[in-house]
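Please read the structure below before turning to the comments.
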2 protein chains.
Amino acid sequence: MPETTTMTQQQLDQLCINTIRTLSMDAVQKANSGHPGTPMGMAGIGYALWTQRLKHNPGNPLWPDRDRFVLSMGHASMLLYSLLYLTGYKVTLDDIKDFRQWESITPGHPEAKLTPGVETTTGPLGQGFGNGVGMAIAEAFLAQQFNRPGHTIVDHHIYAFCSDGDIMEGVASEAASLAGHLKLNKLIYFYDQNQISIDGDTAKTFTEDVGKRFESYDWHVQHIDGMDHTQVGPAIERAQKETGKPSLIISPTHIGYPSPNKQDTASAHGSPLGEDEVRLTKEKLDWPADEQFRIPAEALVVFRECQERGNQWEREWNEKFDAYRKEHPELAAQFERQMKGELPDGWDRDLPEFDPNDDPLATRKAGKKILGTIAKTVPNLIGGSADLVSSTGTEFPDSGSFSADDRSGRNIHFGVREHAMGSLGNGMAAHGGIIPMGSTFLIFSDYQRPTIRLAALSHFQNIFVYTHDSVGLGEDGPTHQPIEHMASLRAIPNLVTLRPADPNETTYAWKVAMERTDGPTAMALTRQGVPILDRSRYAPAEGTLRGAYVLSDADEAKAIIIATGSEVSVALAAQDALAQETIPVRVVSMPSWELFAVQDPSYRDEVLPPSITARVSVEAASTFGWERWVGQYGKKVGIDRFGASAPGKMVLTELGINTDTVVQQVKSLL
Amino acid sequence: MPETTTMTQQQLDQLCINTIRTLSMDAVQKANSGHPGTPMGMAGIGYALWTQRLKHNPGNPLWPDRDRFVLSMGHASMLLYSLLYLTGYKVTLDDIKDFRQWESITPGHPEAKLTPGVETTTGPLGQGFGNGVGMAIAEAFLAQQFNRPGHTIVDHHIYAFCSDGDIMEGVASEAASLAGHLKLNKLIYFYDQNQISIDGDTAKTFTEDVGKRFESYDWHVQHIDGMDHTQVGPAIERAQKETGKPSLIISPTHIGYPSPNKQDTASAHGSPLGEDEVRLTKEKLDWPADEQFRIPAEALVVFRECQERGNQWEREWNEKFDAYRKEHPELAAQFERQMKGELPDGWDRDLPEFDPNDDPLATRKAGKKILGTIAKTVPNLIGGSADLVSSTGTEFPDSGSFSADDRSGRNIHFGVREHAMGSLGNGMAAHGGIIPMGSTFLIFSDYQRPTIRLAALSHFQNIFVYTHDSVGLGEDGPTHQPIEHMASLRAIPNLVTLRPADPNETTYAWKVAMERTDGPTAMALTRQGVPILDRSRYAPAEGTLRGAYVLSDADEAKAIIIATGSEVSVALAAQDALAQETIPVRVVSMPSWELFAVQDPSYRDEVLPPSITARVSVEAASTFGWERWVGQYGKKVGIDRFGASAPGKMVLTELGINTDTVVQQVKSLL
């Protein structure tokens, strides 16, 4: 097609679409690694959405009222990078040429906070689907929180592209069911039904009626021809008009289109087409076969119109926001603060202090009280539980339930959907303006692993509250008793874990979680009551902020007992027992390995002097990794087997989590 | 109702059903812990199924052709324990009175291999649902493997009870979609739609049309009144007649029926009713209000008829099997061997040895070759991948795909459903006769965590093959590069992990996995090629069986480098480099921490002499936990951050996994 003559709109559209195709092919080919097929098949939908419907401003990827776009099939990253570059984000053609190379901003799968315009990290399938649902909750919550008569400052859609693999994943099923229940009508998802996955034709394994399934979730379902970009706009309009349901637009496409030998095959999915096939495909597209990274000027003009339109949208919004600020200055300030991820001044002024004269209290119950306090000063902390709020206590007492009828409710009922809860939380964090929190039993962190990791990788502030944190939960038995979970969580980079010893340490655990904006925090709380430590006798709970601290010292201590959570009381009892035998021992409370590990070496040596090698750890959990703190000559009191069903105290005692065992282990070292 | 006069059948049925109800209430009340509501609501369905339809023999819970029963909502364990005791399994009334107590056989949630008649471990929701689908695959596979014209020796159903929570879990969605696709018609699931979960009315969070959803998966869906036990039998007959689909029988029940104050509320779900309410409920049932654990003689007679009927079923089957044995002696012997979980003699005689003169080979590719060999001698090893078989290589080359049309296929296409894959594998192992195997990338072990743990807890032989085991996979980047996964897996009790150094260690890894019948094995294999170590120069790969061994020694070694997987080659290169500088160093290959940890202390001291404290570990993964082996003065070369998208070699080098770093670390210790 000669570029110099005047083209019809149809020809121009096709040129733009083929620019995405060839750019994606070329980038994958140059990297000699990647997934060309989906960008080629989805190019038309991507073009139509991004240039005609998506409300975005390439010049300001963080403009608050932009539509959010999620590429749930993250392996098709070249589709997204192509659109980012072509529409004028700060992604250059050189960045595209650097696809999948060391320190580039165009990694194999999209990473949040790395590439301008990438809203969330995707790749592990199903996660983007769930993230989008979380974004829609954030949008709905913020809209009711800030919009006022005559002032609509939050009003945008969440678009996602999903693959067959996304739709197969359980996390997507959970999220879809909840999205339908909540009538999250701002969700508009395109399902790229290309019927090809890595192992070939999906007929081998995936023959369900997806449309019917989504109707059963109460979604609005449409079918379009995914290869006809002109059907995209009208479908989006119909989806937008459906104000009571999320929308799924089922869009069959041809993976690898129009590669003569690879289209509609798995070989177009996850490998470069090969130089010959790239050439053949370009020939079919009437494209110079030997030119790489060719960007026709006419096409670029069309794409770059997004810049001016985006600027215009943002200008209009800014005007609206200025008017809003005049009428509602406090709300406007609050909106800006929330979108920046800042906490209100004095948010922590009323954090509770717990009285040692009171009865023992489970740290989950302390957590409930603390959260009740924070809820008053931090209006954008929202969340709930995967059907265990009555046990975990993560309630917002002065607020209702987030529901289809009431978007102001801060209590989110996730249902028995732990995985979706984690994924939705990540989506809320990705959206911005919200601090998400979700709770379940520590054992069920296993159901959430992929989302905890993605929160950590994406630097999302997502607060994971885990209760029933040891065999101390008792009768529910080994299926419900965490053993390896603290170790497994501690091993995740950029996750901060806390297992507070008592209610006052729990207050500081919450402080850490609230102030940690560049990553997730997980806290492990007890089911059973623990004594409220007397801080007039012991060191202040503020030591929690440093990860570990000398809770109770002894003159010329001969040994150190290091404990976490409910076992700190066991350590103190052992200290007393040893004192009776004139063996002076120091007790260190270590609620957070990660916080302690980043302290100054001098502080760490102060808490754990290298000269004292007689060290015993106590934690009602796997001893895995404790050598780090007790050293080569240390002893570890823990549980390296599965638990047992019986009253909690008995299980703890029988499995060796008791004063006698700790005393013996200390003595064995002296 | 006077017990001494003749009762109508209807009265007798009711007496039996109420015996389950009162027994469950009493046991929970005595334990002062547990879940009475579901056993009370489901008592009628349980009674009808177990006494009238379930093909089982209480006298022999392991009789091969029994129907399998799964209580997916494991918290309703008292329903199952009641049925086991009442129908005459080796579960006594004293065991029931010991519900949830230390060392009883009636723990809080059912545990496989602990209680006679408990087929699988349930509690974490959704898992039983998935296990049942795995059992149905096992049944179908074994039926085609062993049934012959005139000889039907495998022909049974899989029944499961599922709760609202089970149906909400993503793993159940994945499993249901696959079960419909595979037309597993032997599955008959009752969905206890009581609309109450721990946090109250499911209307808060779960309003999808479950029947429609399961129809979209191509299940046969029926609706009955779950409180009318007479509807159970006919529904089962209809389900059995539907030979092309799995069946879901949606059965609304009243949780806690007929507790006057707690029925249909969450307070009947997870706590004892309370003594007063138990009394009131018994009064409503026309039951002596102050008697506990009362078993009416007439009711017991009805339940215990299961014993004779079960014996009769087994006798008939034994006769059939004798006739089968006469005609097909080898098949019969093979059937018995498989059901015992034994491997054929000489199963490992053809295991490949890899030639060090050949090119470097990825351990995943070696694994493919090894599996191809084992496939020939072990006909009941079956499985596949969650849509990554082309990458993981876990193929049975001489067999087709397990499908609705061909039950003889040993290649199972799980689809992009990692969680279901793990859960189905557990179900296959629970069924018996099958050794299940499933593969995916190591990163996606996160999606399977709950199932790996349950395999370990249940002592199921389920083989988890994980490839792409480090940042060495390269360009796919941090979303796909495992870091914390080896540590996280090593922390699970009763799981054996192996990360073989080269193709010949991989052979032994498979040997371990095949011979380990009392728990799961996970192996981590490389994407990238690794050198085939020259065993004439280095120690034999058989050392793998002991977990760690001296691969390459040095006279008067001053330091030890301990490595796993692809980093063993790095360690050997470092050894050579240090030798150049006349620093003698020993290299230990440590493919399996767990196997090494259970060796004799003398062997362990031989491999890692306490006198050599200069130790360096090398593993392209989190260093979490390595202090255990390198000790207080040791150094750990690893990756304590997320990975990066770039060619694998570059990522490894840039992140410090290289000879120079290891050499420097060794020197720093000397």
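Is there any pair linking a residue in the stretch A:172-189 that is basic (Lys, Arg) to one that is at pLDDT 95 or above and open to solvent by 10 Å² or more (accessible area, probe 1.4 Å), with Cβ under 8 Å and at least six apart or on different chains, and which?
Between residues of the stretch A:172-189 that are basic (Lys, Arg) and residues that are at pLDDT 95 or above and open to solvent by 10 Å² or more (accessible area, probe 1.4 Å), the close pairs are A:183/A:218; A:183/A:244; A:183/A:245; A:183/A:404; A:186/A:140; A:186/A:157.
Cβ contacts < 7 Å: first residue at the interface with chain A (Cβ under 8 Å from one of its Cβ atoms), restricted to the stretch B:436-450; second residue of a type in the set (Phe, Trp, Tyr), any location; separation 6+ or different chain. Result?
B:450/A:447
Out of the residues in the stretch A:229-251 meeting the condition of being touching a residue at least 60 places away in the same chain (Cβ under 8 Å) and open to solvent by 50 Å² or more (accessible area, probe 1.4 Å), tell me which one is farthest from residue A:20 (Cα to Cα).
Going through the qualifying residues, I end up with A:245.
Please report, ordered by residue number, the helices (runs of 4 or more DSSP H) entirely within the stretch B:96-193 with at least 2 residues that are in contact with a Lys or Arg (Cβ under 6 Å, 6 or more places away or on another chain).
Values: elements: B:127-146, B:164-168, B:170-181.
Here the list reads B:127-146.
When the residues of the stretch B:387-405 are filtered to those that are outside any loop (DSSP other than H, G, I, E, B), in contact with a helix residue (DSSP H, G or I) (Cβ under 9 Å, 6 or more places away or on another chain) and within 9 Å of chain A (Cβ to nearest Cβ), which remaining residue is least open to solvent (accessible area, probe 1.4 Å)? Let's see the steps before the verdict.
Step one: list which residues in the stretch B:387-405 are outside any loop (DSSP other than H, G, I, E, B), which gives B:389-392, B:401.
Going one step further and asking which of them are in contact with a helix residue (DSSP H, G or I) (Cβ under 9 Å, 6 or more places away or on another chain), we end up with B:390-392, B:401.
Next, from what is left, pick out any that are within 9 Å of chain A (Cβ to nearest Cβ): B:390-391, B:401.
Numbers: B:390: 78, B:391: 28, B:401: 46 Å².
That would be B:391.
Where in the stretch B:572-638 are there helices (runs of 4 or more DSSP H), lying fully within it, with 2 or more residues that are closer than 21 Å to residue B:546 by Cβ, free of Cβ contacts under 8 Å to residues at least 24 places away in the same chain and open to solvent by 30 Å² or more (accessible area, probe 1.4 Å)? Show your work before the answer.
On the way: elements: B:593-597, B:601-607, B:627-630.
Fully inside the stretch B:572-638 and qualifying: B:601-607.
Name the residues in the stretch B:290-317 that are surrounded by fewer than 13 Cβ atoms within 10 Å (Cβ to Cβ) and of a type outside the set (Asp, Glu), would you?
Within the stretch B:290-317, B:297, B:301, B:312, B:315 meet the criteria.
Please go through the stretch B:194-218 and give me each residue that is more than 10 Å from every other protein chain (Cβ to nearest Cβ) and crowded, with 20+ Cβ neighbours inside 10 Å, ordered by number.
B:194, B:196
Residues to consider are A:433, A:384; find the one that is within 11 Å of chain B (Cβ to nearest Cβ), under 24 Å from residue A:127 (Cβ atoms), touching a residue at least 40 places away in the same chain (Cβ under 8 Å) and not in a helix (DSSP H, G or I).
Details: A:433 fails: within 11 Å of chain B (Cβ to nearest Cβ).
None of the others qualify; the one that does is A:384.
Tell me which residues, restricted to the stretch A:639-659, are within 7 Å of chain B (Cβ to nearest Cβ), of a type outside the set (Gly, Ala, Ser) and not in a helix (DSSP H, G or I).
Here is the first cut: in the stretch A:639-659, the residues within 7 Å of chain B (Cβ to nearest Cβ) are A:640-642, A:644-646, A:650, A:654.
Keeping just the survivors that are of a type outside the set (Gly, Ala, Ser) gives A:640-642, A:650, A:654.
The answer is A:640, A:641, A:642.
Which one is nearest to the chain's Cα centre (by Cα), of the residues in the stretch A:499-539 that are under 13 Å from residue A:590 (Cα atoms) and either at pLDDT below 95 or in a loop (DSSP other than H, G, I, E, B) (or both)?
A:499
Take the residues of the stretch A:651-670 that are open to solvent by 30 Å² or more (accessible area, probe 1.4 Å) and among the hydrophobic types (A, V, I, L, M, F, W, C): which is modelled with the lowest pLDDT?
Here is the first cut: in the stretch A:651-670, the residues open to solvent by 30 Å² or more (accessible area, probe 1.4 Å) are A:653-654, A:658-661, A:664-665, A:667-670.
Adding the requirement that they be among the hydrophobic types (A, V, I, L, M, F, W, C) leaves A:669-670.
Working: A:669: 97, A:670: 93.
Once the filter is applied, the top-ranked residue is A:670.
List the number of the failed condition for residue B:349; all other conditions in (1) farther than 30 Å from residue B:188 by Cα; (2) open to solvent by less than 30 Å² (accessible area, probe 1.4 Å) hold.
(2)
From the list B:48, B:76, exactly one residue is part of a helix (DSSP H, G or I), within 14 Å of chain A (Cβ to nearest Cβ), open to solvent by less than 10 Å² (accessible area, probe 1.4 Å) and at pLDDT 95 or above. Which is it?
On the way: B:48 fails: within 14 Å of chain A (Cβ to nearest Cβ).
Every option except B:76 fails the conditions.
Can you tell which of B:422, B:438, B:409 is modelled with pLDDT of 95 or more, part of a helix (DSSP H, G or I) and in contact with a strand residue (DSSP E or B) (Cβ under 7 Å, 6 or more places away or on another chain)? If you could, list the steps in order and put the result at the bottom.
On the way: B:438 fails: part of a helix (DSSP H, G or I); B:409 fails: part of a helix (DSSP H, G or I).
Exactly one of B:422, B:438, B:409 is modelled with pLDDT of 95 or more, part of a helix (DSSP H, G or I) and in contact with a strand residue (DSSP E or B) (Cβ under 7 Å, 6 or more places away or on another chain), namely B:422.
Among the residues in the stretch B:325-344, are any touching a strand residue (DSSP E or B) at 6+ places or on another chain (Cβ under 7 Å), assigned to a loop (DSSP other than H, G, I, E, B) and outside the structural domain of residue B:57 (by TED's automatic domain parsing)?
yes
Quick check on the stretch A:15-29. Is at least one of its residues open to solvent by 10 Å² or more (accessible area, probe 1.4 Å), farther than 14 Å from residue A:313 by Cα, within 14 Å of another protein chain (Cβ to nearest Cβ) and touching a helix residue (DSSP H, G or I) at 6+ places or on another chain (Cβ under 7 Å)?
Scanning the stretch A:15-29, I find at least one residue that is open to solvent by 10 Å² or more (accessible area, probe 1.4 Å), farther than 14 Å from residue A:313 by Cα, within 14 Å of another protein chain (Cβ to nearest Cβ) and touching a helix residue (DSSP H, G or I) at 6+ places or on another chain (Cβ under 7 Å), so the answer is yes.
Residues are listed down the side, and each one gets a yes or a no for (1) open to solvent by 10 Å² or more (accessible area, probe 1.4 Å); (2) at the interface with chain B (Cβ under 7 Å from one of its Cβ atoms):
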{"position": "A:114", "(1), (2)": "yes, no"}
{"position": "A:130", "(1), (2)": "no, no"}
{"position": "A:143", "(1), (2)": "yes, no"}
{"position": "A:166", "(1), (2)": "no, no"}
{"position": "A:174", "(1), (2)": "no, yes"}
{"position": "A:185", "(1), (2)": "yes, no"}
{"position": "A:188", "(1), (2)": "no, no"}
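Just to verify a result, which residue in the stretch A:482-504, among those that are charged (D, E, K, R) and open to solvent by less than 10 Å² (accessible area, probe 1.4 Å), is nearest to the other protein chains (Cβ to nearest Cβ)?
Start the filter on the stretch A:482-504 by keeping residues that are charged (D, E, K, R), which leaves A:484, A:490, A:499, A:502.
Pick out the ones that are also open to solvent by less than 10 Å² (accessible area, probe 1.4 Å) and you get A:484, A:499, A:502.
Numbers: A:484: 4, A:499: 15, A:502: 25 Å.
If we take residues in the stretch A:482-504 being charged (D, E, K, R) and open to solvent by less than 10 Å² (accessible area, probe 1.4 Å), then A:484 is nearest to the other protein chains (Cβ to nearest Cβ).
Would you confirm, using the coordinates I've provided, whether residue A:459 is in contact with a Lys or Arg (Cβ under 7 Å, 6 or more places away or on another chain) and within 14 Å of chain B (Cβ to nearest Cβ)?
Numbers: in contact with a Lys or Arg (Cβ under 7 Å, 6 or more places away or on another chain): yes; within 14 Å of chain B (Cβ to nearest Cβ): yes.
The answer is yes for residue A:459.
What are the residues in the stretch B:219-228 that are within 14 Å of another protein chain (Cβ to nearest Cβ) and in contact (Cβ under 8 Å) with a residue 40 or more places away in the chain, if any?
Of the stretch B:219-228, the ones within 14 Å of another protein chain (Cβ to nearest Cβ) are B:219, B:221.
Answer for the stretch B:219-228, where residues must be within 14 Å of another protein chain (Cβ to nearest Cβ) and in contact (Cβ under 8 Å) with a residue 40 or more places away in the chain: just B:219.
Looking at the stretch B:321-339, I want the residues that are under 12 Å from residue B:150 (Cα atoms) and have a partner that is crowded, with 16+ Cβ neighbours inside 10 Å with Cβ atoms under 6 Å, at least 6 apart or on another chain. Which pairs are those?
Pairs that qualify, where the first residue is under 12 Å from residue B:150 (Cα atoms) and the partner is crowded, with 16+ Cβ neighbours inside 10 Å, are B:321/B:153; B:324/B:151; B:324/B:153; B:324/B:332.
Among the residues of the stretch B:272-310, how many are within 14 Å of chain A (Cβ to nearest Cβ) and without any contact (Cβ under 8 Å) to a residue 60 or more places away in the chain? Talk me through it step by step, then tell me what you get.
If we filter the stretch B:272-310 for residues that are within 14 Å of chain A (Cβ to nearest Cβ), which is where we start, we get B:272.
Now narrow it down to the ones that are without any contact (Cβ under 8 Å) to a residue 60 or more places away in the chain: none.
So the count comes out to 0.
The values are calculated or read from the model by the stated rules, or taken from the named source; none is laboratory data. On a predicted model such as this, the values are computed, not experimentally measured, just so you know. We place every Cβ from the backbone using ideal geometry, glycine too, and count neighbours over all the protein chains shown. For the accessible areas, the whole protein counts, side chains as well, though only heavy atoms, and no ligand, DNA or RNA atoms are used. Shrake-Rupley method; radii C 1.70, N 1.55, O 1.52, S 1.80 Å.
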